[in-house]
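Heads up: the structure comes next, in structure tokens.
The values are calculated or read from the model by the stated rules, or taken from the named source; none is laboratory data. Since we're looking at a predicted model, the values are computed, not measured. With ideal geometry, Cβ positions are generated from the backbone for all residues, glycine too; neighbour counts draw on all protein chains shown. Accessible surface areas use protein heavy atoms only, side chains included; no ligands, DNA or RNA. Shrake-Rupley method; radii C 1.70, N 1.55, O 1.52, S 1.80 Å.
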Amino acid sequence: MITLLQLNYFRKLAEKELLTKTAQELHISQTALSYTIINLEKELGVQLFDRSKRTIKLNDAGRIYLKYVNDIFVSLNNGQAAIQDINIANEKLVRLATGATSVWSSLFHDFCKIYPHHSLKQSNHTILQLEKALIDMTVDFVLAGENDLQISGMEKTLFKTDDIYLCVPQSHSLADRDSVCMDELHRENFISLNESAPWTAYCEWLFNRAGYTPHVVLECDYTLRAPLIASNFGVALTSGSAREADLLKPNKYIRIADSYAVRRMYLYHNPQRYITQAAQDFLEFCVRYYETDQDKMV
């Protein structure tokens, strides 16, 4: 009979393809690990690894079998999560990853106010970290833009559509305008967020759509943009959500008039991760929170 211990040892060895290191991490002897894998192969009637004197490599049969073994452990983890959901502390916790915190402070505040018995654990990540959090299922949701993540197989729920704004100092020549087009901005000095930020990826797409490369004079974090703009160091693109929170005050916000200058925001979820009641409450709250925003209609 094949045991979960055998499957776990196989999964760990398949991941590393290093017998000694895998045995060390499992806190067993190399001999015990080899014996367990050999017995599993005997049960299956097929070799899962190609072996030489110095190496061990997962073969085609092993790769096929690994997929099903991983599915087993995903199901077991989800089963454990479902049982733990009975526990109040776990049931009330929502794990969320975003590219920025300040833009969504009102959303988070109001959720915690409406659901005082729920807990929200939020963390900021780069694009690659957001993708990893979804793949590894360490969070319930990733809050990100429509094209921020380049991974497939994830569920996503639209909850807000943002207009895009140009933020300029009060003394700027465009400060008296209500709107502006992207092709009017090719000579501006832009202040950008750090390269790994999801917003930066969106802005790159926006400039590509406009047909030019912006002159970026500085890359910095969120907190530095407002004073730099106010001191006439440069201008910046920002979102309607940032404008609602007035994150770049005392500067002027000018709407980008191009029809493509919108950013649809989604809650991404790995369908293999169990959704707790608290996570479901958070998802439904986010959709309701912005449901009066007519731009959400797609």
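Here are some notes:
- Rg to Rh, two decimals, where segment 184-298 supplies the alpha carbon set and Rh follows Kirkwood: 1.02
- Viscosity 0.692 mPa s, 37 °C: Kirkwood-radius Stokes-Einstein D of segment 42-140 over Cα pairs, µm²/s: 191
- In segment 111-210, one over the average inverse separation of all distinct C-alpha pairs is 16.7 Å, which is the Kirkwood hydrodynamic radius.
- Spin-label model distance (nm) - CYS112 vs ASP71, 7 Å beyond Cα toward Cβ: 4.1
- Sequence of HIS118, HIS125, HIS27 from largest to smallest accessible area, 1.4 Å probe: HIS27, HIS125, HIS118
- Paired Rg and Dmax values of segment 220-262, which use every Cα atom, in angstrom: 10.7, 30
- Pairs from the list LYS160/LYS252; LYS21/LYS92; LYS121/LYS249; LYS67/LYS156 with a Cα-Cα gap above 32 Å: LYS21/LYS92.
- Our estimate of slack between GLN24 and ARG11, defined as 0.36 nm per intervening residue step minus the Cα-Cα distance, is 3.2 nm.
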